[in-house]
Amino acid sequence: MDIHYIGERLIPGQLGNVCVILAFVAALFSAVTYLISANKFTKSEPDAVAWKMMARVSFRLHSLAVIGIVVTLFYMLQGHLFEYEYVWHHSNSAMRMRYILSCFWEGQEGSFLLWTFWHVVIGTILIKTSKEWEAPVMTTVSAVQVFLTSMLLGVYLFDYKIGSNPFTILLRQHPDFANIPLFQNPDYLAKLDGRGLNPLLQNYWMTIHPPTLFLGFALTLVPFAYGIAGLWTKRFQEWQKPALPWAFIGMAVLGTGILMGGAWAYEALSFGGFWAWDPVENSSLVPWLTLVGAAHVMLIHKHKGQSLFTTFFLTFTTFILVLYSTFLTRSGILGETSVHAFTDLGMSGQLLLYLFFFVILAVVLLIVNRKHFPKVAEEEAVWSREFWIFLGSLVLLIASFHIMFNTSMPVWNKLFKLKMAPPTDAIGFYNSWQIPFAILLTFLLATGQYFNYKNSDIRAVVKKVLISFILSLVLAVVIALLMGISKAFYVVLLWSSLFCICANANYWLFVLSGKVKKAGASIAHIGFGLVLLGALLSTSRKEFISHNNSDKDIEALKLSNGRNNILLQVGDTLQMGDYFVTYTGKHKLGANIYFDVEYYKKQPDGKLKYDFTLKPIVQINAQMGNVAEPDTRHFLQKDIYTHVTYADYETLDEKKQEGNEYGTSKSFTMAVGDTISSSNSLIVLEGFNTKVDKNKYHLGDSVLAVEAHFKLFDINKKIYIANPVYVINHNQVEPIEAEVPELGLKMNFWKITPETGKIDISLAEKNVNKPDFIVMEAIVFPCINILWMGCVIMVIGTGLAIWQRVKKLRIKD
Amino acid sequence: MKKIHIIGILLIAVSIGAIMASLSNSSTYANFREASVHPDLEYHVVGKLNKEKETVYDPKADANLFTFYMVDNGGIEKKVVLHKSKPQDFERSEQIVIIGKCRGDAFQADDILMKCPSKYNDGKPSETKI
């Protein structure tokens, strides 16, 4: 029987679906016509321009359709159209509107859409700026769009489902929910609310991190498309001129996006740090590393015409690594090794096809054209800038290889039937390899610019960097001693990152005489040095001040890598590092529970002076589970991070805990001689008194009353008496409670069961008897601001360098 | 021999080193039986919480001690001692990965990963508005 559902808004879905199909078809058409046009251009056929115009129109149509999809999806989310699975899955009506962006890209479909959208923006710019490169470059861009929009199609080809379409999957038709009785109700929409957004994503970083990251991914397509176009149209050198600025823009944007992810992890996640070498983090970092390599090798090629193959290799590798990362994080293969991979939508096959299409395209084009790569007869001189940049790029490549090899462990397991687990101490494991690479890189960055292209006088170079070398060495020793950094590798990295900062500052101030315009590279390198310095200082000297020393189990102490959780009862003050910390209580605001943790400092006179309050949160989320969010106090030279790992949620719904108020009472059934316990005493039922002195209780004569005799023993064996009275007045039970103020207890006697001779009583305790408590972690991160400052400086420097290059390109034209 | 060749050889050497280190450094997935054969080796054990048995967390006694019973994928049950605080929403976990060593009659875990499908894709439509 067909049910006529009430209030379903099916038109937006149909509109969205039309846009999806249009976007896919137009992209396909655009790719084919651009391909034909590019071929005709290489043969100088006259109708090439006409084909190009047709392709342009198709791409514009595609762009419009993609914008149509985006707008429709936003409309659906904003209007709470829960009849659509995507809307139901990723949002709810209680959610604040500012997180609507996060809802948009929480799911795979939305994040593919975001990526597609950025390609549309970039494609539009390319049509305007790429001139004679338009047709071959846009062929690749359009081809990528074909793959991306196919992820949204949601149609069946024989038995294989292509893509997942947020517009056609209605909640009531979703296979997982087919037999839910709710959908028998024609008016189900009136009763339906969304599942809601994962509370971890309800954070402002989550509204800006994904678009930045995806813009970064999208930008890697441009050098790739130029590279393919260069091989295809046999302009092996020329493609790099327009591609170079794009590579550097990609580098800046992707780098920013990755660090924003780190900032999000640091602010909102509870692992206590900004980088955990999680597979998802790694798979965005690795393409960045190779992109940095690619962009820098392009510089060598620009100046010396060397390393042509390496430019192709690194440019192609970057884009392919982006596709590979997409496969890793979206195919579900990472499984339990990552906490934030996407839900598997069963698109592995499609994702692999996307990956292999471009791998094969790149490899085939490289092999076909292998004879065209010039064999350079003369070797680079050791003391030349190109040689040092080249070395740097190789270090980056090896570093990425190491990260990718380990991140791909689940893939190796699947391919070779292994049972390898990710390293237990991932941070320690990756650091032990990546720190040496970082040392090499910073050393190369410090000295690289002092070398000339072609060849330099090594003695002159040494003379120029000597000051920075000595200064950084002194600084490193002083800082290491002051902060107690003793691990050899840490000290060396401390020195080399300081060397990188000093040498580049020196280069900017004295070699370039402080001119800002030309100093883009030096400034960016200073920023990179600062990022590493900040990362090193904040992680190597990260200190758990919530250390639990009361432990007696030495065996357990040896086993565990840190006993960092500490119990704080309300009102207690414990020393943590330089601070004295008190937990003063909790309060509820919306779905969040805020725990007030006050930090005090000891003054010379021994008195405690209030310093600041942190309010870590636990969000109660019945649907997706409780989520804890840390709170961090930022100082110039350090951060203090506080995170509630465990709390008593039973008392959460009560109003502010007043110590002198009684909490909820507990019921007990007892016979004479039985004992029950409260949190501070043992309570024994001694017997009954049926001849109650009614005057004492102001009771009438017709009333039936029974008094129970309880003896209460406190910890010191001191005895108290409590006599609650059971009263029946005109068939109504009207008990008279007994209070023991010394123990903070109240007892009520409210039922007698004559058959068993047992009675029911209730016992309430004052809240002070069982104080509220939290289990928390407190960490000090020293100097973490150096890291964030480094990020900003790096981006500014890269921006300056790009601006200069683009300006030069314009002048040449 | 050209410099590029020397660099190439170095590159290959470092790569092989990286692979070897990864393979030897990494702990492996195992079940309780395998883990108890080698009490000195670190393992990842995948399993499910036994919800019938009691979980013990008494932060007043020790905030860094939590014990529970887990059944591994081979069906063997073992007591697990986790040297951390009790994770949020522990009872709702569908799958658990514990990382540590098998010592005596208990598995001493340093770390735990939980998969709560509810967090990512579970949860069914139900009447939530009244």
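Has segment A:265-283 got any residue that is surrounded by fewer than 21 Cβ atoms within 10 Å (Cβ to Cβ), in contact with a Lys or Arg (Cβ under 9 Å, 6 or more places away or on another chain) and in a helix (DSSP H, G or I)?
No, there is no match, as no residue in segment A:265-283 is surrounded by fewer than 21 Cβ atoms within 10 Å (Cβ to Cβ), in contact with a Lys or Arg (Cβ under 9 Å, 6 or more places away or on another chain) and in a helix (DSSP H, G or I).
Could you identify the single residue in A:Ile786, A:Ile774 that is farther than 19 Å from A:Ala263 by Cβ, hydrophobic (A, V, I, L, M, F, W, C) and outside any loop (DSSP other than H, G, I, E, B)?
Working: A:Ile786 fails: farther than 19 Å from A:Ala263 by Cβ.
Going through A:Ile786, A:Ile774 in turn, the sole match is A:Ile774.
When you scan segment A:286-299, do you find a residue that is surrounded by 24 or more Cβ atoms within 10 Å (Cβ to Cβ), farther than 27 Å from A:Leu536 by Cα, touching a Leu at 6+ places or on another chain (Cβ under 7 Å) and modelled with pLDDT under 90, even just one?
No.
A:Phe117 fails exactly one of the following numbered conditions: (1) over 23 Å from the mean Cα position of the chain (by Cα); (2) closer than 26 Å to A:Phe214 by Cβ; (3) of a type outside the set (Gly, Ala, Ser); (4) modelled with pLDDT of 95 or more. What is the number of that condition?
(1)
For segment A:624-645, enumerate the residues that are over 21 Å from the mean Cα position of the chain (by Cα) and within 14 Å of another protein chain (Cβ to nearest Cβ).
Let us first name the residues in segment A:624-645 that are over 21 Å from the mean Cα position of the chain (by Cα), namely A:635-638.
Matches in segment A:624-645: none.
If B:Lys53 satisfies all but one of (1) away from chain A (no Cβ under 13 Å); (2) within 27 Å of A:Leu418 (Cα to Cα), what's the number of the condition it fails?
Failing condition for B:Lys53: (2).
Restricting to segment A:526-580, count the residues that are basic (Lys, Arg), crowded, with 23+ Cβ neighbours inside 10 Å and at pLDDT 80 or above.
0
Checking the structure you have, find out if any residue of segment A:296-317 is out of contact with any His (no Cβ under 9 Å at 6 or more places or on another chain), closer than 27 Å to A:Glu629 by Cβ and not polar (S, T, N, Q).
There is no residue in segment A:296-317 that is out of contact with any His (no Cβ under 9 Å at 6 or more places or on another chain), closer than 27 Å to A:Glu629 by Cβ and not polar (S, T, N, Q).
One residue is enough: does segment A:239-258 have a residue meeting the conditions assigned by TED's automatic domain parsing to the domain that holds A:Thr212, over 16 Å from A:Thr220 (Cβ atoms) and without any contact (Cβ under 8 Å) to a residue 40 or more places away in the chain?
No - not one qualifying residue is present in segment A:239-258.
Identify all residues within segment B:29-68 that are part of a strand (DSSP E or B) and closer than 24 Å to A:Gly335 by Cβ; write none if there are none. First the steps, then the outcome.
First, the residues of segment B:29-68 that are part of a strand (DSSP E or B): B:29-30, B:43-49, B:56-57, B:66-68.
Listed by number, the residues that qualify are B:Tyr29, B:Ala30, B:Tyr43, B:His44, B:Val45, B:Val46, B:Gly47, B:Lys48, B:Leu49, B:Phe68.
What are the residues in segment B:78-101 that are more than 7 Å from chain A (Cβ to nearest Cβ), more than 29 Å from A:Thr329 (Cβ to Cβ) and touching a Lys or Arg at 6+ places or on another chain (Cβ under 8 Å), if any?
None - no residue of segment B:78-101 is more than 7 Å from chain A (Cβ to nearest Cβ), more than 29 Å from A:Thr329 (Cβ to Cβ) and touching a Lys or Arg at 6+ places or on another chain (Cβ under 8 Å), so the list stays empty.
Could you tell me which residue of segment A:747-795 is nearest to the chain's Cα centre (by Cα), considering only residues that are among the small types (Gly, Ala, Ser) and surrounded by fewer than 22 Cβ atoms within 10 Å (Cβ to Cβ)? I'd like the intermediate steps shown before the answer.
Filtering segment A:747-795 for residues among the small types (Gly, Ala, Ser) gives A:757, A:762, A:764, A:778, A:790.
Now restrict to residues that are surrounded by fewer than 22 Cβ atoms within 10 Å (Cβ to Cβ): A:757, A:762, A:764.
Numbers: A:Gly757: 62, A:Ser762: 49, A:Ala764: 45 Å.
Only one residue tops the list, namely A:Ala764.
I'm trying to understand the selection: among the residues of segment A:454-485, which are in contact (Cβ under 8 Å) with a residue 40 or more places away in the chain and of a type in the set (Gly, Ala, Ser)?
Hits for segment A:454-485 are A:Ser456, A:Gly484.
Can you pull out every residue in segment B:1-28 that is crowded, with 18+ Cβ neighbours inside 10 Å, in a loop (DSSP other than H, G, I, E, B) and either free of Cβ contacts under 8 Å to residues at least 24 places away in the same chain or more than 7 Å from chain A (Cβ to nearest Cβ) (or both)?
B:Ser26 - this is the single residue of segment B:1-28 that is crowded, with 18+ Cβ neighbours inside 10 Å, in a loop (DSSP other than H, G, I, E, B) and either free of Cβ contacts under 8 Å to residues at least 24 places away in the same chain or more than 7 Å from chain A (Cβ to nearest Cβ) (or both).
Can you find, within segment A:359-383, the residue that is farthest from A:Thr326 (Cα to Cα) among those that are within 11 Å of chain B (Cβ to nearest Cβ) and either touching a residue at least 40 places away in the same chain (Cβ under 8 Å) or in contact with a strand residue (DSSP E or B) (Cβ under 9 Å, 6 or more places away or on another chain) (or both)?
Result: A:Ala381.
Just to check your reading of the model, which residue among A:Leu101, A:Leu113 is away from every other protein chain (no Cβ under 14 Å), crowded, with 23+ Cβ neighbours inside 10 Å and touching a helix residue (DSSP H, G or I) at 6+ places or on another chain (Cβ under 7 Å)? Please lay out each step first, then the result.
Values: A:Leu101 fails: crowded, with 23+ Cβ neighbours inside 10 Å.
After ruling out the rest, the residue left standing is A:Leu113.
Using the structure shown, decide if A:Lys131 is more than 34 Å from the chain's Cα centre (by Cα) and more than 14 Å from every other protein chain (Cβ to nearest Cβ). Full working, then the answer.
Working: more than 34 Å from the chain's Cα centre (by Cα): yes; more than 14 Å from every other protein chain (Cβ to nearest Cβ): yes.
Considered against the rule, which asks whether it is more than 34 Å from the chain's Cα centre (by Cα) and more than 14 Å from every other protein chain (Cβ to nearest Cβ), A:Lys131 comes out as yes.
Could we say that A:Thr124 is assigned to a helix (DSSP H, G or I), buried (at least 20 other Cβ atoms within 10 Å of the Cβ) and polar (S, T, N, Q) here?
Working: assigned to a helix (DSSP H, G or I): yes; buried (at least 20 other Cβ atoms within 10 Å of the Cβ): no; polar (S, T, N, Q): yes.
Spelling it out, it is not the case that A:Thr124 is assigned to a helix (DSSP H, G or I), buried (at least 20 other Cβ atoms within 10 Å of the Cβ) and polar (S, T, N, Q).
Regarding segment A:24-42, can at least one residue be identified that is of a type outside the set (Gly, Ala, Ser), under 25 Å from A:Glu106 (Cβ atoms) and in the same structural domain as A:Leu114 (by TED's automatic domain parsing)?
Pass one, segment A:24-42, residues of a type outside the set (Gly, Ala, Ser): A:24-25, A:28-29, A:32-36, A:39-42.
Keeping just the survivors that are under 25 Å from A:Glu106 (Cβ atoms) gives A:24.
Imposing the further condition that a residue be in the same structural domain as A:Leu114 (by TED's automatic domain parsing) reduces the set to A:24.
Looking through segment A:24-42, at least one residue is of a type outside the set (Gly, Ala, Ser), under 25 Å from A:Glu106 (Cβ atoms) and in the same structural domain as A:Leu114 (by TED's automatic domain parsing).
Take segment A:417-445 and flag every residue that is away from chain B (no Cβ under 11 Å) and assigned to a helix (DSSP H, G or I).
The answer is A:Ile427, A:Asn431, A:Ile435, A:Ala438, A:Ile439, A:Leu441, A:Thr442, A:Phe443, A:Leu444, A:Leu445.
Going through segment A:689-721 one residue at a time, which ones are at pLDDT 80 or above, of a type outside the set (Lys, Arg), under 18 Å from A:Val740 (Cα atoms) and out of contact with any Lys or Arg (no Cβ under 7 Å at 6 or more places or on another chain)?
A:Tyr697, A:Glu707, A:Ala708, A:His709, A:Phe710, A:Leu712, A:Phe713, A:Asp714, A:Tyr720
Can you tell me which residue is nearest to the other protein chains (Cβ to nearest Cβ) among those in segment A:399-416 that are farther than 25 Å from B:Ile98 by Cβ and surrounded by 20 or more Cβ atoms within 10 Å (Cβ to Cβ)?
Out of the qualifying residues, it is A:His402.
Here's the yes/no breakdown for (1) away from chain B (no Cβ under 11 Å); (2) touching a helix residue (DSSP H, G or I) at 6+ places or on another chain (Cβ under 8 Å):
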residue: A:Pro166; (1), (2): yes, yes
residue: A:Asp176; (1), (2): no, no
residue: A:Asn179; (1), (2): no, no
residue: A:Leu182; (1), (2): no, yes
residue: A:Ala190; (1), (2): no, no
residue: A:Thr207; (1), (2): yes, yes
residue: A:Leu221; (1), (2): yes, yes
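If I ask for residues that are part of a loop (DSSP other than H, G, I, E, B) and among the charged types (D, E, K, R), which ones from segment A:460-498 would you list? Give the derivation first.
Going residue by residue through segment A:460-498, those that are part of a loop (DSSP other than H, G, I, E, B) are A:484-487.
The answer is A:Lys487, and nothing else.
Taking into account only those residues within segment A:603-618 that are modelled with pLDDT under 90 and either exposed (fewer than 13 other Cβ atoms within 10 Å of the Cβ) or in contact with a Leu (Cβ under 6 Å, 6 or more places away or on another chain) (or both), which is nearest to A:Ile774 (Cα to Cα)?
Step one: filter segment A:603-618 for residues modelled with pLDDT under 90, giving A:603-608, A:617-618.
From what's left, either exposed (fewer than 13 other Cβ atoms within 10 Å of the Cβ) or in contact with a Leu (Cβ under 6 Å, 6 or more places away or on another chain) (or both): A:603-607.
On the way: A:Gln603: 26, A:Pro604: 30, A:Asp605: 30, A:Gly606: 27, A:Lys607: 25 Å.
Applying the filter and picking the extreme gives A:Lys607.
The values are calculated or read from the model by the stated rules, or taken from the named source; none is laboratory data. Every value quoted in this text rests on a predicted model; they were computed, and no experiment measured them. In this analysis, Cβ positions are derived from the backbone assuming ideal geometry, glycine residues included, and neighbour counts consider all displayed protein chains.
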